[in-house]
Amino acid sequence: MLSFAIVESFVKIALLLGGLMTGAAYLVLLERRMAAWIQDRRGPNRVGMPLSLINSRWADLRLFGLGQPLADGLKFIFKEEFTPGHVDRKLFVLAPIIILTTALTVFAVIPFGSVIPFGSASAETFTSVMPGSSGSENLLDARQIELVVAPGVDVGMIFVFALSSVAVYGVILGGWASNNKYSFLGGLRSSAQLIAYELPLGLGLLGVVLAAGSLNLETIIGEQALNGWYVVTQPLGFFVFLVAAFAESARLPFDLPECEQELIGGYHTEYSGIKLLLFLVAEFLHMVTMAFLIVILFFGGWHLPFEITGFHVAKSGELVPSLIDGWGSESVVLAWLQAAVRVLVLMAKVLAVVVFFMLVRWSWPRFRFDQLMALAWKVMLPLGMINFVVVAVIEELRDPGLFGVRIDSWLPIPLAWLVGVTAWVSVSHLVSRIADNRPHRSLSPDAVDSAI
Amino acid sequence: MKSDDPAIRWIEEPKLGMAGKTYLSLFVHGMTTTVKHLTKSVAGKDVTVSYPDEEPQIGNPLIYRGVHRLNKDQQGRVKCVACFLCATACPAHCIDILADESPWPDREKYPESFTIDELRCIYCGMCEEACPVDAIELTSLYNLTGRSREEMIFDKEKLLSVFDETIETEQMKSADLGGTV
């Protein structure tokens, strides 16, 4: 049984690594095509299958540029990998390794589906889709495989946060080891930005954790399947998390660590060849991680409303009915179908969020650094705190203990939206006055000089 | 510099309204522009021409300035009278004419050789403007390539063959088409 668990883990790791690397490569292609389309160009559409290399009489197949990721990868591998003489060699080599390792390790706790049946299906074994509650022994004897590399990690979100903090080391080390002013500035900016935005990211998450009562990502999905998506019940938290996620993955409009127009390439200016590829892939994986987190924390993960994906969450001994009654029925085919639908739904949602990331890239100009910091500390932090308080109050009212009143289950939703809009408008009004540090006519000459 | 210095022009930035302060108008504005361009491109309405696959549309071949040609008259003789006006007008000095006595009675001279260095030419069209008999013209052939420098020096035969190549699609200039004669 132990060997089975090990084999299962290795298969999942292999699937995940292969899927992530291939997915990242093709998402890069998608990003390039979308960037081109938004700029009224066509993008890379030539590289397909170079059949003429095999036989000169055969024509090359273009396949809409689907061979481009392979060509890009080959280019990176075969290009000269130049290490400048002025760099700190050990750290220079270490930085891309750290950043890619952490970016990949994060996915150990991120579910990429629900569970798949394994062996013979019976009603009893498939009642629980609340992993973590039953733990890994459930996995061994119940003959179902949870689609996450490390199932039942109760500190899942803390693991994600810890590793994304370690990823900052890769950026800072890369900037520092390059021994180059632009790289160093990029590294500095990145450290300041990522540390600043981890607070709103954590605050956005705290509301979800408070409502779900767990840090386990699979449990959070299960709670949403039962009680509704958190994007509906916690709009403010979702917003704070979304903005912080953009900043954490250093995407436009928050790509100050590597803005080409100011810092050439930021912290990876001095890198070339395969090391640069590692940096770029890691950056892309950060975006994919954030897309996964947004979907899992706020958009219900694999869940779709109206029980299309079906949910069989054993709560207080009752089974919640579902449209495709796969887990409860004897039919293994239906169970597999449902598992596949859940994986597809999750992937479709993640893809939608990634496409949103790519659209935003061409929609907004980059923030100035002081604006970035003001947004983090003066806007997002208060908003996150307000959201946290609101969620805490609602959760307290939902459980009739403190005040002895029980509010209806639909009431928190308009309440949360009302508070969200009010907080958003008031904070934005207050902050726009505070953040104005331009020289004014009313200032004294000295103040003007220092302001200029 | 003092803040009351008359040389300073103080400019008040416009006050942001509700929409600006809450960033909503910015968000909507940016996103609509992006989506508009995206949908336009995905629908295939972009302006890019995938050149080797599809030929670009030349708007008006009569005014396009591509490869030169030497026109022929009704009897198939070269129209050029070797007046050297084109060679004089040429800012790149790429036209080289060797004149000789004309074998025909209707003109005094004709070009014994007429050479244009297509690599030196800047395709300004001054030769076409200068020609008093509409003998030299720029066609709409845009994809001029060659494997050697020598190949790109066009002699009279080559220039006349360009005429044969293009006369089907591009008629000669006449008075009502903006020509001289």
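The values are calculated or read from the model by the stated rules, or taken from the named source; none is laboratory data. Everything numeric here is computed off the predicted structure, so don't read it as measured data. Cβ sites come from the backbone with ideal geometry, for glycine too, and all protein chains shown count toward neighbours.
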- B:Phe84 vs (1) surrounded by 12 or more Cβ atoms within 10 Å (Cβ to Cβ); (2) within 21 Å of B:Ile167 (Cβ to Cβ): all pass except (2)
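Does A:Ala36 meet the test of being farther than 21 Å from B:Val42 by Cα and within 14 Å of chain B (Cβ to nearest Cβ)? Walk me through it before giving the result.
Details: farther than 21 Å from B:Val42 by Cα: no; within 14 Å of chain B (Cβ to nearest Cβ): yes.
When the stated conditions are applied, A:Ala36 does not pass them.
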- Message: Please determine whether any residue of the range A:332-348 is modelled with pLDDT of 90 or more and either within 14 Å of another protein chain (Cβ to nearest Cβ) or under 23 Å from A:Leu236 (Cα atoms) (or both).
- Response: no
- Message: Give me the residue from the range B:1-12 that is within 30 Å of A:Leu375 (Cβ to Cβ) and facing chain A (nearest Cβ under 8 Å) and, out of that set, surrounded by the fewest Cβ atoms within 10 Å (Cβ to Cβ).
- Response: B:Trp10
- Query: β-branched (Val, Ile, Thr), touching an Asp or Glu at 6+ places or on another chain (Cβ under 9 Å) and farther than 18 Å from B:Tyr142 by Cα, is that true of B:Ile95?
  - Reply: yes
- Task: Specify which of the listed residues (B:Lys40, B:Lys21, B:Lys15) is charged (D, E, K, R) and either in contact (Cβ under 8 Å) with a residue 12 or more places away in the chain or more than 9 Å from every other protein chain (Cβ to nearest Cβ) (or both).
- Result: B:Lys15
- Note on the structure: The correct count of residues that are among the hydrophobic types (A, V, I, L, M, F, W, C), touching a residue at least 40 places away in the same chain (Cβ under 8 Å) and either touching a helix residue (DSSP H, G or I) at 6+ places or on another chain (Cβ under 8 Å) or under 22 Å from B:Lys156 (Cα atoms) (or both) in the range B:46-86 is 9
- Taking A:Pro151 as meeting all but one of (1) of a type outside the set (A, V, I, L, M); (2) crowded, with 21+ Cβ neighbours inside 10 Å; (3) touching a Phe, Trp or Tyr at 6+ places or on another chain (Cβ under 8 Å), write down the number of the exception. (3)
- Task: Could you tell me whether the range A:52-67 includes any residue that is more than 14 Å from chain B (Cβ to nearest Cβ), closer than 30 Å to A:Trp302 by Cβ and either under 27 Å from the mean Cα position of the chain (by Cα) or part of a helix (DSSP H, G or I) (or both)?
- Result: yes
- Within the set of pairs 6+ apart or on separate chains, which have a first residue in the range A:356-369 that is facing chain B (nearest Cβ under 8 Å), a second that is in a loop (DSSP other than H, G, I, E, B) and buried (at least 18 other Cβ atoms within 10 Å of the Cβ), and C-beta atoms under 6 Å apart? A:Trp364/A:Pro253
- Query: Would you pick out the residues in the range A:59-111 that are more than 17 Å from A:Val281 (Cβ to Cβ) and of a type in the set (Lys, Arg)?
  - Reply: A:Arg62, A:Arg89, A:Lys90
- Note on the structure: Per the list (1) part of a loop (DSSP other than H, G, I, E, B); (2) within 7 Å of chain A (Cβ to nearest Cβ), residue check on B:Met31 breaks on (1)
- Is there a residue in the range B:48-59 that is surrounded by 15 or more Cβ atoms within 10 Å (Cβ to Cβ), more than 8 Å from every other protein chain (Cβ to nearest Cβ) and of a type in the set (Val, Ile, Thr)? yes
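Do any helices (runs of 4 or more DSSP H) entirely within the range A:215-273 hold 3 or more residues that are in contact with a strand residue (DSSP E or B) (Cβ under 7 Å, 6 or more places away or on another chain) and within 21 Å of A:Thr289 (Cα to Cα), and if so, which? If you could, list the steps in order and put the result at the bottom.
Numbers: elements: A:217-227, A:230-233, A:235-248, A:260-263.
In the range A:215-273, no matching helices (runs of 4 or more DSSP H) lie anywhere.
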